[in-house]
């Protein structure tokens, strides 16, 4: 049944809502940073990055669709949730429509990615297929990652390591220690978005049988995890400066330090619905850090 607050939302608006626009920067930042490192190495093909960006966005949207679908089917999304409106629990999109939408968006990502496969090799095909499978397995299948404490690792690996090093590979045809290190802050800060989300939803997730890392290890650990990932992110520019002879421009992300401090204070101070503000700022912070990091890599 469609809720009172959702009656005026059109079908197109419903699909836009289901795509979770505020989360899509998580698909953009890895491509930007991986491309920036390629520029630094003097070998950059803009078309590859543009296609990779759309593939990344489609996989992110497909993952969001699947997440919405299976959280609804498993009872994790209900009237008690503290986060934004979900289209299935609000009756805006049916289960059947969401299944078709998920299939089509993943198919679009796959077909578009074939250009990169033909241009850059079979390694790209493996990355693409693995990313789609992981996006589905995040909340679906016999062992959903998000329900078994592996969501954080999934986000770090696919939105950080694979997304960034994969983009770099398109241009240089290689993986390297440098590209891995460059991917660490990308993955860490995008993972922190999930950390805040799971920290906010501990009680609801526990009741629904969704055993996130926050549910398994508790609030104290989750706050520590958030701070650790922040520190790891701010350490990488220093490592690149000292060991890889980068210019002082690599410290541009340090301009975001005041925001990082504010986020830690918010996480320790807020709870419940208040954490929606922390979640929103964490997402913006990860994007700003990533953009400044990319600028530092190119300059």
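Computed from the coordinates by the stated procedures, all read-outs in this text should not be read as laboratory data. Being a predicted model, the structure only gives us computed values, none of them experimental. No Cβ is skipped: glycine too gets one built from the backbone with ideal geometry, and neighbour counts run over all protein chains shown.
Select, from 189, 170, 178, 194, the only residue that is part of a helix (DSSP H, G or I), within 24 Å of residue 270 (Cα to Cα) and touching a residue at least 60 places away in the same chain (Cβ under 8 Å).
189
Read through the list (1) assigned to a helix (DSSP H, G or I); (2) surrounded by 20 or more Cβ atoms within 10 Å (Cβ to Cβ), then give the number of the only condition that residue 133 fails.
Residue 133 satisfies all of (1) assigned to a helix (DSSP H, G or I); (2) surrounded by 20 or more Cβ atoms within 10 Å (Cβ to Cβ) except (2).
Answer yes or no as to whether residue 232 is out of contact with any helix residue (DSSP H, G or I) (no Cβ under 8 Å at 6 or more places or on another chain) and either surrounded by fewer than 21 Cβ atoms within 10 Å (Cβ to Cβ) or not in a helix (DSSP H, G or I) (or both).
When the stated conditions are applied, residue 232 does not pass them.
Just the residues that are within 15 Å of residue 45 (Cβ to Cβ) and more than 22 Å from the chain's Cα centre (by Cα), please, taken from segment 118-133. Spell out how you get there, then give the answer.
As a first pass, look at segment 118-133 and keep what is within 15 Å of residue 45 (Cβ to Cβ): 118-121, 124.
Within segment 118-133, 118, 119, 120, 121 meet the criteria.
Pull up segment 252-270, narrow it to residues that are in contact (Cβ under 8 Å) with a residue 24 or more places away in the chain and surrounded by fewer than 17 Cβ atoms within 10 Å (Cβ to Cβ), then point me to the one that is farthest from residue 33 (Cα to Cα).
Only one residue fits best here, namely 268.
The rows are residues; the columns are (1) surrounded by 22 or more Cβ atoms within 10 Å (Cβ to Cβ); (2) on the phi > 0 side of the Ramachandran plot; (3) outside any helix (DSSP H, G or I).
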{"residue": "44", "(1), (2), (3)": "no, no, yes"}
{"residue": "51", "(1), (2), (3)": "no, no, no"}
{"residue": "69", "(1), (2), (3)": "yes, no, no"}
{"residue": "75", "(1), (2), (3)": "no, yes, yes"}
{"residue": "106", "(1), (2), (3)": "yes, no, no"}
{"residue": "117", "(1), (2), (3)": "no, no, no"}
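Condition first: touching a residue at least 40 places away in the same chain (Cβ under 8 Å) and under 30 Å from residue 252 (Cβ atoms). Can you find one or more residues in segment 87-104 that meet it?
No, because not a single residue in segment 87-104 is touching a residue at least 40 places away in the same chain (Cβ under 8 Å) and under 30 Å from residue 252 (Cβ atoms).
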